1. Within segment 41-54, track down each residue that is in a loop (DSSP other than H, G, I, E, B) and not acidic (Asp, Glu).
2. Check whether at least one residue in segment 50-63 is exposed (fewer than 14 other Cβ atoms within 10 Å of the Cβ), modelled with pLDDT under 90 and among the acidic types (Asp, Glu), and report yes or no.
3. Does at least one position in segment 29-40 carry a residue that is assigned to a helix (DSSP H, G or I), open to solvent by less than 80 Å² (accessible area, probe 1.4 Å) and small (Gly, Ala, Ser)?
4. Could you tell me how many of the residues in segment 6-28 are assigned to a loop (DSSP other than H, G, I, E, B) and either aliphatic (A, V, I, L, M) or surrounded by 12 or more Cβ atoms within 10 Å (Cβ to Cβ) (or both)?
5. Scan segment 6-22 and tell me whether some residue there is out of contact with any Phe, Trp or Tyr (no Cβ under 7 Å at 6 or more places or on another chain) and touching a residue at least 40 places away in the same chain (Cβ under 8 Å).
Amino acid sequence: MDKFSIKNTTKEQRKKFVRDAFSIASLDSPEPPEEDLLFFEDYIEGKKELSEIHEEIISKYKENVKD
């Protein structure tokens, strides 16, 4: 994952990584909810690493399961 870290990428590269990842992920499934896509804006803007976003999304879905 170091290759995708904020310090090793530009904003344009991060935007492309996210766009490409969602394109591949949605080949055989529906697009992720807009709310989930918004998490990745912080990565694109260089505010949060992918590992942080990953944990936030997992926490969100764990909370929904408890409800």
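The values are calculated or read from the model by the stated rules, or taken from the named source; none is laboratory data. Keep in mind that what you see is a predicted model, and the values were worked out from it rather than measured. Quick reminder, even Gly has a Cβ in these numbers, built from the backbone with ideal geometry, and neighbours come from all protein chains shown. Remember, those area values only see protein heavy atoms, side chains included, never the ligands or the DNA or RNA. Shrake-Rupley method; radii C 1.70, N 1.55, O 1.52, S 1.80 Å.
1. Within segment 41-54, Gly46, Lys47, Lys48 qualify.
2. Among the residues of segment 50-63, at least one is exposed (fewer than 14 other Cβ atoms within 10 Å of the Cβ), modelled with pLDDT under 90 and among the acidic types (Asp, Glu), which makes the answer yes.
3. no
4. Residues meeting the conditions: 2.
5. yes
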